[in-house]
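Working notes for the structure below.
We did not get these values from a lab; they are worked out from the coordinates using the rules stated. None of the values given here were measured: they were computed from a predicted structure. Don't worry about glycine lacking a Cβ; one is built from the backbone with ideal geometry, like all the others, and counts go over all protein chains shown.
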Amino acid sequence: MRYFKFLLILIFCSATATAQTDSVYTLQQCIDIAIKNNLDVRQSELQMERRRIYYQQARENLLPTLSGNANHSINSGRSQTADLTYVNRQVFNGSYSLGSDVTVFNGLALINSIKQTSLDYQAGKLDYQQAKNNISLNVITTYLQVMNSQDQYTQSQNQLAVSQKTLERREILNKDGNVQPQDLYDLRGETAGSKINLVTSRSAIYSSKLDLFQIMNVPFDKEIALVRLTADELPGNYDLTASQVYNAAISQFAQIQAADLRVKSAEKGLAATKGYLYPSLGFNAGISTQYSSGSAGSYDNQIRNNYGTGVGLGLRIPILSNFRQRNQVSLAKIDLQNARYTSEATKVSLKQQIEKAHVQMTMAYERYQITAEQVAAFSESFRIADVKFNEGVLNSVDFLNAKVNMDRAKINLINARYDYFIRTKILDYYQGKMSF
């Protein structure tokens, strides 16, 4: 009985630990879940696998082909015998063969096809990585938005606590008739406003968490907690210029690397297409045997005695094919030029995106610095107003105005801090830095 109770306790503790583990997500867990469930990532993975199969087939095209044939027939009819009479006869015939052929040379078309599909496969891997990086960035920025909402909620709680404490002091003084009724009602209204702000900030947490769960493509559960990330330890002003970020992105950003590989792939595709304009040389070999009931000898003897082998070389020289191959070369040249344009357009677009992101990051940092100064100024202003209000030399309107200014500045500081943090992460994303 004690052993049974002990097992129940172990099972309960294990289930509790599992439930606790599943109720808390880290940033990396959110990224992993989003990558696993995102349909764009899955489709990109399928495209990568398709290109791998193309590459595998291109290599296997160098292997010899091997095929076997077996034919059987029955012939019926009248035939003349040695004594010049005619009889009805049935003759059974059978033939068997095994043949193989391999391409010896075809203008390096097969070799260049292997190189082309290899480059396509590498580009597919980079496309897959880019898809994962894109969803990772979405998760990171949305995760930080949740942290932002949580910090604003904490700030709203602090604001409500200050409002309630001030109101409580005034309620005590009001019992002695030392408070103007207008001041008391102003404080009650301000406290109610702080409660509304608290409800609004709580709603913002649920909204940002909902966005995160939708990116992860999992059912929303508002009870699941996220491991805290804070932007308190902010880096200083971002050291890298837009040009430096772009130069790093050229060698690290998966989309750029994939576009460059497709240019090289198109070059190999053109070379492979040109290869079919040259003569091709093939080697073939085969064995065969046959049997006929109309011939003397048993089946086994005929199969053995009629056995034959053959080897040969075949040369194919293209002379005229309705200019089909020439046109294929022209199309391959167009594909190459198009790949170059696509690569250049991708780089131009990336540069513009980086320049825009860098400007936004710079403005976010300036806004953060100015807002920090504003918080310091309004906090001191509220401290003075609080002293004067408690001494009865400041009316409720001026006191509440000072408090509202400080509260608004602190909320703006939280937004500015996370906005700058997110902007720096976007620039890191362009450089292939997805760590947090």
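For this structure, a couple of remarks:
- When the Cα positions of VAL87, SER207, HIS72 are compared along the charge dipole of the stretch 70-227, VAL87 comes out farthest toward the positive end, with charges on each C-beta of Lys, Arg, Asp and Glu.
- Taking 19 Å as the straight-line reach from the Cα of LYS209, the aspartates and glutamates in range (excluding those fewer than 8 positions away in the same chain) are ASP22, ASP32, ASP151, ASP221, GLU223, ASP419.
- Per-residue 3J(HN,Hα) values for the stretch 51-60, derived from phi via the Karplus relation 6.51 cos²θ - 1.76 cosθ + 1.60 with θ = phi - 60°, read 5, 5, 5, 4, 5, 4, 5, 4, 5, 6 Hz in sequence order (x marks Gly and Pro).
- For LYS403, the lysines whose Cα comes closer than 24 Å to its Cα, not counting residues fewer than 8 places off in the same chain, are LYS165, LYS195, LYS388.
- Under 5 Å from the amide H of PHE105 lie the amide H atoms of LEU281, each residue being 5 or more positions distant or on a separate chain, with H modelled from the backbone and absent for Pro and chain starts.
- Angstrom value of the Kirkwood radius, inverse mean 1/r, which spans all Cα pairs in the chain: 30.3
- Once exposed loop trypsin sites (Lys or Arg not before Pro) are cut out (DSSP; at most 15 other Cβ, 10 Å), longest piece of the chain: 1-221
- Point-charge dipole on Cβ atoms (K/R +1, D/E -1) for the chain, about Cα centre, debye to 20: 1480
- Positive-end residue of GLN360, LEU400, LEU427, charge dipole of the stretch 356-436 with Cβ unit charges: LEU427
- Largest-first principal axis extents of the Cα set of the stretch 50-192 (Å): 150, 43, 16
- Sparse-neighbourhood loop sites, chymotrypsin sites (Phe, Trp or Tyr not before Pro) in the stretch 361-420 - DSSP loop, at most 10 other Cβ within 10 angstrom: none
- The 3J(HN,Hα) values that the Karplus relation (6.51, -1.76, 1.60; θ = phi - 60°) gives for the stretch 255-260 are, in residue order, 5, 5, 4, 5, 5, 5 Hz. Gly and Pro appear as x.
- Helix axis angle, 27-37 relative to the chain longest principal axis, alpha carbon, degrees: 40
- For the stretch 212-305, applying the loop criterion from DSSP together with a ceiling of 12 other beta carbons within 10 Å to the GluC sites (Glu not before Pro) yields GLU223, GLU233.
- Antiparallel bridge percentage (DSSP; both residues within the chain; nearest 5): 95
- Fraction in percent of alpha-carbon pairs per bin - 10 Å, the stretch 243-349: 12, 21, 16, 14, 14, 10, 7, 4, 1
- Degrees between helix 2-22 axis and first principal axis of the chain (Cα, 0 to 90, nearest 10): 90
- The stretch 297-371 versus the stretch 252-296: alpha-carbon centroid distance in Å: 14
- Restricted to Cα atoms, the stretch 107-254 shows a radius of gyration and a Dmax of 27.2, 105 angstrom.
- Dipole axis of the chain (+1 Lys, Arg; -1 Asp, Glu on Cβ), positive-most option in ASN217, ALA109, ASN237: ALA109
- The GluC sites (Glu not before Pro) of the stretch 40-120 include none that meets both criteria, a DSSP state outside H, G, I, E and B (loop) and at most 16 other C-beta atoms within 10 angstrom of the site's C-beta.
- Mean residue ellipticity, 222 nm, helices only, the chain: the sum of -39500 (n - 2.57) across DSSP H runs of n ≥ 4, divided by residue count and rounded to 500, is -25000 deg cm²/dmol.
- Neighbourhood charge, 13 Å Cβ-Cβ cut-off, centred on ASN133 and excluding it, Lys, Arg +1 and Asp, Glu -1: +1
- GNM remark for the chain: springs join alpha carbons under 10 Å apart, and the peak mean-square fluctuation among SER194, SER381, SER113 falls on SER381.
- Acute angle (nearest 10 degrees) that the helix 242-252 long axis makes with the longest principal axis of the chain, alpha-carbon atoms: 30
- Each Lys and Arg contributes +1 and each Asp and Glu -1, all at the Cβ; summed about the Cα centre of the stretch 30-107, the dipole is approximately 120 debye.
- Nearest-20 debye value, the stretch 71-207 charge dipole, Cβ charges on Lys, Arg, Asp, Glu: 260
- Partner aspartates and glutamates for LYS115 [C-alpha distance under 20 Å; skip if fewer than 8 residues away on the same chain]: GLU49, GLU60, ASP127, ASP260, GLU267, ASP335
- Using the Cα coordinates of the stretch 187-290, the gyration tensor eigenvalues translate into equivalent-ellipsoid semi-axes of 64, 26, 12 Å, sorted from longest to shortest.
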